[in-house]
């Protein structure tokens, strides 16, 4: 009777562990491939050559909007919505809601993005506008996705959800290893190697 109960309990846990293991695996698959590939590109960034592409645009703020820049603005206040809307429609520059640096002469907006950087500066007296975009290529773009650099709130939420699913995948995998370890004598030596090797490398070679 006790043996039957133990077998039933084991079957119950195996069923649920396998279920969550494959579900988390399916959800994490593409993300894990992306993060593994970008781990290689990040670790070998110095060996991967890229030629940044710089795009420049110049413009003139319409007179009706210029007065909005000449009004007093607080530190780090974003551009007035009317000015940001005009920039988006006329020049394709998305600066709405971005923090701006205001001085007596000009307003400067930094526009960082994955795989590149951009900025725009507007003369508060004349309305003359200068924009510059630097793009460093697809490798840099995916590297920044890996790091969550300048990727916005939605990608940050995705990274959190991906991390939770990766934890579920790893923990259920460890539990399955535990339940099958009796028939696989190399299970725990290999797990131990995976645990000890990073520590040994860190202690001996990272200073």
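Remind me, what semi-axes does the range 53-136 give for its equivalent ellipsoid, largest first in whole Å, using sqrt of 5 times each Cα gyration tensor eigenvalue?
On the way: eigenvalues 84, 38, 25 Å².
They are 20, 14, 11 Å, listed largest first.
Label reach from residue 128 (point 7 Å along Cα→C-beta): in the range 46-90, amide nitrogens under 20 Å belong to 55-71, 87.
Could you put 171, 203, 93, 122 in order, starting from the residue whose Cβ has the fewest other Cβ atoms within 10 Å? Let's see the in-between values first.
On the way: 171 14, 203 9, 93 20, 122 26.
Listing 171, 203, 93, 122 from fewest to most nearby Cβ atoms yields 203, 171, 93, 122.
Computed per residue of the chain from DSSP H runs no shorter than four, each worth -39500 (n - 2.57), the mean residue ellipticity at 222 nm is -20000 deg cm²/dmol.
Taking R0 as 30 Å, what's the FRET efficiency between residue 176 and residue 150 from their Cβ-Cβ distance, rounded to 0.05?
Computed FRET efficiency for residue 176 and residue 150 comes out at 0.20.
Put a dot 7 Å past the Cα of residue 45, heading toward its Cβ, do the same for residue 206, and the two dots end up 1.6 nm apart. Derived from the Cα gyration tensor, the three semi-axes of the equivalent ellipsoid of the chain are 54, 21, 14 Å, largest first.
Take every Cα pair under 8 Å in the range 53-136 that's 6+ residues apart, average their separations, divide by the length, and report that relative contact order as a whole percent. Display every interim value, and only then the final one.
On the way: 152 pairs, mean separation 29.1, N = 84.
Computed value for the range 53-136: 35 percent relative contact order.
Summary of the geometry: the range 125-160 and the range 84-106, compared by the centres of their Cα atoms, lie 16 Å apart. Full extension of the chain between residue 82 and residue 36 gives 12.2 nm of extra length, using 0.36 nm per residue less the Cα-Cα distance.
Read-outs throughout are calculated quantities, based only on the coordinates presented, and are distinct from any laboratory measurement. A quick note: this is a predicted structure, and the numbers were derived from the prediction, not measured. Every residue, glycine as well, gets a Cβ built from its backbone with ideal geometry; the counts of neighbours run over all protein chains shown.
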